[in-house]
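Colleague: Take a look at this one; I'll ask things after.
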Amino acid sequence: MKKFKLILFLAIPLLPFVVESCNKNPDDNTFNLFTIEDDKALGLQVKNEIFNNPSDYPILDSNQYPAAYAYLRGIVTKVLDGGEVFYKDQFVWETYIIHDDNVLNAFCTPGGYMFVYTGLIKYLEAENHLAGVMGHEIAHADRRHSTDAMTRDYGLAVIISVALGNNPNALAEIAANLASLKFSRNAETEADEYSVKYLCPTDYKADGAAAFFQKLIDNGEGNGELEWFSTHPSPDNRVKHIEELKVELNCSGTGTYDAAYLNFKNNLLP
């Protein structure tokens, strides 16, 4: 799905000869040449670029909307405290609201900087729906899908040459192409699955992401044109998979928090 624009990560310290092991999620079999510190540095640079570009990313001031920010960050905290987010304590997990009612989107950078559009917030009807979508985005960061993709797309030789400063043209190419970096179908499916896994230990109804996708389908917006469905030719199967996984994991949460969510939306701009 649509992620951040931009980015130059010239200052990120790469350690290409050290493959993560001691801090690596034990069920992650991917080969990633970027360190956890690289993920955080890249995410911080994305955050800074976003805050320096208010015309494209009008961030709501947390001092003007304290109740809305407290509510949204409370959702993230509940998901993290479920105990299934591997990099809960290593990543920053900061959360911001972008004021654009025309965008049905959220994204989470490497290292855990989360951005949620007001368009998505106002489109949804219950807290667990947003928790499911945010769980999906948290999974992209927690499963390190962005730096996995960069490792895969550019390969060992290119990344080593960039790290050593021997190939400035390759660095420029990576920086230019990061804006169009897309997650694979496997990564999107994994993010769907981990959204359920993250919500399952909480009191949320764990298939919240499926409710969002179903609404897109019901409104005729699940035809592949939106980024949400660009790597999934069958959105109906995507919804089915999420709902079946909730049953398979025996998730018992039933919370949706419709009234609380309505109050949250009322705390945003009209």
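The values are calculated or read from the model by the stated rules, or taken from the named source; none is laboratory data. None of the values given here were measured: they were computed from a predicted structure. For neighbour counting, all protein chains shown are included, and Cβ atoms are generated from backbone atoms with ideal geometry for every residue, glycine included.
Colleague: Among the residues of the range 118-150, which ones are of a type in the set (Asp, Glu) and either in contact with an Asp or Glu (Cβ under 6 Å, 6 or more places away or on another chain) or under 17 Å from TYR96 (Cα atoms) (or both)? Lay out the reasoning, then the answer.
Modeller: Taking the range 118-150 first, the residues of a type in the set (Asp, Glu) are 125, 127, 137, 142, 148.
Passing the criteria: GLU127, GLU137.
Colleague: Looking at the range 251-267, can you tell me whether even one residue there is in a loop (DSSP other than H, G, I, E, B), surrounded by fewer than 17 Cβ atoms within 10 Å (Cβ to Cβ), touching a helix residue (DSSP H, G or I) at 6+ places or on another chain (Cβ under 7 Å) and at pLDDT below 90? Working first, answer last.
Modeller: From the range 251-267, those in a loop (DSSP other than H, G, I, E, B) are 251-254, 256-257, 267; that's our starting set.
Of the ones still in play, those that are also surrounded by fewer than 17 Cβ atoms within 10 Å (Cβ to Cβ) are 252, 254, 267.
Filter again for touching a helix residue (DSSP H, G or I) at 6+ places or on another chain (Cβ under 7 Å), leaving 267.
If we keep only those that are at pLDDT below 90 too, we end up with 267.
Yes.
Colleague: Here is a further query. Name the strands (runs of 3 or more DSSP E) wholly within the range 62-171 that hold at least 2 residues that are under 14 Å from the mean Cα position of the chain (by Cα) and modelled with pLDDT of 95 or more?
Modeller: Numbers: elements: 94-98, 106-108, 113-117.
Counting at least 2 such residues, we get 94-98, 113-117.
Colleague: In a loop (DSSP other than H, G, I, E, B) and either surrounded by fewer than 20 Cβ atoms within 10 Å (Cβ to Cβ) or not small (Gly, Ala, Ser) (or both): is that true of TYR57 in this structure?
Modeller: Working: in a loop (DSSP other than H, G, I, E, B): yes; either surrounded by fewer than 20 Cβ atoms within 10 Å (Cβ to Cβ) or not small (Gly, Ala, Ser) (or both): yes.
Yes.
Colleague: Could you count how many residues in the range 172-217 are under 21 Å from LEU130 (Cα atoms), modelled with pLDDT under 95 and not in a helix (DSSP H, G or I)?
Modeller: Residues that pass the stated criteria total 1.
Colleague: Which members of the range 190-217 meet the condition of being within 10 Å of LYS246 (Cβ to Cβ) and in contact with a strand residue (DSSP E or B) (Cβ under 7 Å, 6 or more places away or on another chain)?
Modeller: LYS205
Colleague: Select from the range 45-75 the residues that are touching a residue at least 60 places away in the same chain (Cβ under 8 Å) and among the aromatic types (Phe, Trp, Tyr) and list them in ascending order.
Modeller: Kept after step one, since they are touching a residue at least 60 places away in the same chain (Cβ under 8 Å), are these residues of the range 45-75: 46-47, 50, 60, 65, 67-68, 71-72.
Passing the criteria: TYR65, TYR71.
Colleague: Given the conditions (1) in contact with a helix residue (DSSP H, G or I) (Cβ under 6 Å, 6 or more places away or on another chain); (2) at pLDDT below 95; (3) among the acidic types (Asp, Glu), and given that ASP56 satisfies all but one, which numbered condition is not satisfied?
Modeller: Condition not satisfied by ASP56: (1).
Colleague: Please work out which residue is farthest from VAL46 (Cα to Cα), limiting yourself to the range 62-93 and to residues that are out of contact with any strand residue (DSSP E or B) (no Cβ under 8 Å at 6 or more places or on another chain) and aromatic (Phe, Trp, Tyr).
Modeller: Selected residue: TYR71.
Colleague: Further, regarding this structure: Would you mind stating whether LYS88 is over 21 Å from ILE36 (Cβ atoms) and surrounded by fewer than 20 Cβ atoms within 10 Å (Cβ to Cβ)? Steps first, please.
Modeller: Working: over 21 Å from ILE36 (Cβ atoms): no; surrounded by fewer than 20 Cβ atoms within 10 Å (Cβ to Cβ): yes.
Answer is no for this residue.
Colleague: If you go through the range 14-37 one residue at a time, do you hit one that is outside any loop (DSSP other than H, G, I, E, B) and either in contact with a helix residue (DSSP H, G or I) (Cβ under 7 Å, 6 or more places away or on another chain) or at pLDDT 95 or above (or both)?
Modeller: No, the conditions are met nowhere in the range 14-37.
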